[in-house]
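Please read the structure below before turning to the comments.
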Amino acid sequence: MIKIAIVGFGIVGRSFAELLLRKRETLAKRIGEFEVVLVADSKSAMYGEFDLREAIEIKKKSGRLKYDAKAVELLQELDYDVLVECTPTRIDGGEGVEHMRIALSSGAHVVTSNKSIVAAFRELEELAEKKGVRLMYEATVGAAIPVIRTIRGYLSTFTITGLAGVLNGTCNYILTRMEDEGLSYEHVLREAIELGIAEADPSYDVEGIDAAIKLVILANTIGIDARFEDVERRGISFLTPEAFKAASEKGYTIRLVAEAGDSLSVRPRLVRKGHPLATRGTMNVIVLHTEEAGSISLAGRGAGGVETASAMLSDLVAIYDSSR
Amino acid sequence: MTVVVELEDKPGQLLRVLEPISKLGGNIVGIVHQRGRKTPLNRVPVEITLRIDARRVGELVERLEEKVIVRSVDEVTMLESTFLLLIGHIIHTDLSDTITRVDSSDAECVEIFVSMPRRSEASTALLTIAARSKEALSIAVARLKEVCARKGIEVIDPIDGDFV
């Protein structure tokens, strides 16, 4: 019996729980019997014998779970085989990294969507290795786009010399609208906030912070020992409609491109129309440069609760598939 | 560089030009016979574009002149070019100074389009830089970025390479 602990019970955590319920039978055939022994958010939890369906409903209705509890304490006390960590990203690591540290130290696998791992990537990787467990983080970059798995699995015998990506859907939506309609940045940003594509405080996205964090995760995955501070970063707020018009006359557009190679950068770049990176709307793209096979592109939706949860479910299955 | 020579219209003439180029380590990029522009003496102008170490250009021209009529030598052939977008107060921060910083014997700003939406608002410029080599181009771009950073102008450069 695989015992699963879910910490972080927002949209992603709940989507994951719902997937477990919906796919229970097919999952059981793949990885064997499993049960969720803990769900927790920032201040409350349910654990032991409980109904997962009920937990989802309670959280949806009341915004919290049954009992006042701290996940940090429960993770130390309870017995579980895998932690599914989906608390919000904090650039300093925060509680998310603490949860993962506790789980790995106690010999549990970790599956996460939490980009906080950027603050302690090497430490967590080494801890997992030492304990003989897995740290799976496909969901941290590009939601369900299988980029981490592709790098670590299929491309593990290739030499990856660098990568470039459009890693933030919010920015890409804004840039696509500016390009199509000749609108100002401010105008499109307001529109994006109303649509719920951008946060009320959009700085995390539009200043390239989110893209830079994902870039660092990808860079580490291809073997570059990088930290967030190493990324040269420039956001998109200075862009003008005239810039798109001028670029267009040469057959180019402008995209917020995250690039890792000799150096790390996230900044608006000119991209030829028709190039994989000239993707539109909220889509994400990652182009991996290999010595053997040139460039390999992966594209798909960059965000979403179910998309992200699906990546974590795939990670979970990968852990147990490979060890059976 | 580009050399235009006049060759007699009979077999084997081109070889007289190619030999010295090859001996001096030059690499021919293109050859155009301008048959339609034969001279009154029935010679054909031939335009040869080649890459060669800048220090050997003098010697090459001397050797060519021994064998054929050299009509013109254009030492700086811009083989590499890129364009960049500049956003900011481009005009009021001395545009001509910005451009002059890029120009050198190996690279120059060859084209610029500026659009100014409204006074006091940021302008946008599309700037094309041509250079003799990739290295010269990246030096020129770095120089432009440096001067723009000082002037508070944003620079957007293309992603490297076309890997489609």
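The values are calculated or read from the model by the stated rules, or taken from the named source; none is laboratory data. Remember, predicted model here, so these are calculated numbers, not experimental data. Counting neighbours? That spans all protein chains shown, and the Cβs are built from the backbone with ideal geometry, glycine included.
Residue count for the range A:293-320, restricted to those that are within 14 Å of another protein chain (Cβ to nearest Cβ) and either farther than 25 Å from A:S156 by Cα or free of Cβ contacts under 8 Å to residues at least 24 places away in the same chain (or both): 3. Within the range A:273-322, the set of residues being charged (D, E, K, R) and surrounded by 17 or more Cβ atoms within 10 Å (Cβ to Cβ) comprises A:R301, A:E307, A:D315.
Taken over the range A:141-167, the criterion of being under 20 Å from A:R269 (Cα atoms), of a type in the set (A, V, I, L, M, F, W, C) and more than 16 Å from the chain's Cα centre (by Cα) is satisfied by A:L163, A:A164. Do the conditions hold for A:A219, that is, is it in contact with a strand residue (DSSP E or B) (Cβ under 7 Å, 6 or more places away or on another chain), crowded, with 22+ Cβ neighbours inside 10 Å and free of Cβ contacts under 8 Å to residues at least 12 places away in the same chain? When the stated conditions are applied, A:A219 does not pass them. The residues of the range B:40-63 that are exposed (fewer than 13 other Cβ atoms within 10 Å of the Cβ) and not acidic (D, E), listed by number, are B:P40, B:L41, B:N42, B:R55, B:G58. In this entry, A:L52 passes the filter for residues that are closer than 22 Å to A:Q76 by Cα and modelled with pLDDT of 95 or more.
Looking at A:V110, A:V97, just one residue is modelled with pLDDT of 95 or more, closer than 29 Å to A:V72 by Cβ and in contact with a strand residue (DSSP E or B) (Cβ under 7 Å, 6 or more places away or on another chain), and that residue is A:V110.
Of all residues in the range B:22-49, how many are over 16 Å from B:R71 (Cα atoms) and among the hydrophobic types (A, V, I, L, M, F, W, C)? So the count comes out to 3. Identify, from the list B:I153, B:I129, B:I139, B:I87, the residue that is within 14 Å of chain A (Cβ to nearest Cβ) and without any contact (Cβ under 8 Å) to a residue 60 or more places away in the chain. Result: B:I129 is the single residue among B:I153, B:I129, B:I139, B:I87 that is within 14 Å of chain A (Cβ to nearest Cβ) and without any contact (Cβ under 8 Å) to a residue 60 or more places away in the chain. Scanning the range A:292-309 for residues that are at pLDDT below 95, assigned to a loop (DSSP other than H, G, I, E, B) and not aliphatic (A, V, I, L, M) yields A:G302, A:G304. Looking only at the range A:235-292, residues that are farther than 24 Å from A:Y204 by Cα and either of a type outside the set (A, V, I, L, M, F, W, C) or facing another protein chain (nearest Cβ under 7 Å) (or both) come to 19 in all. Picking from B:V147, B:V73, which residue would you name as being modelled with pLDDT under 90 and either over 19 Å from the mean Cα position of the chain (by Cα) or assigned to a strand (DSSP E or B) (or both)? Only one candidate passes the filter, namely B:V73. Restricting attention to the range A:45-77, the residues being among the charged types (D, E, K, R), out of contact with any helix residue (DSSP H, G or I) (no Cβ under 7 Å at 6 or more places or on another chain) and over 20 Å from A:F34 (Cα atoms) number 7.
A:A200 fulfils the conditions (1) in a helix (DSSP H, G or I); (2) more than 14 Å from every other protein chain (Cβ to nearest Cβ) except for a single criterion, (1).
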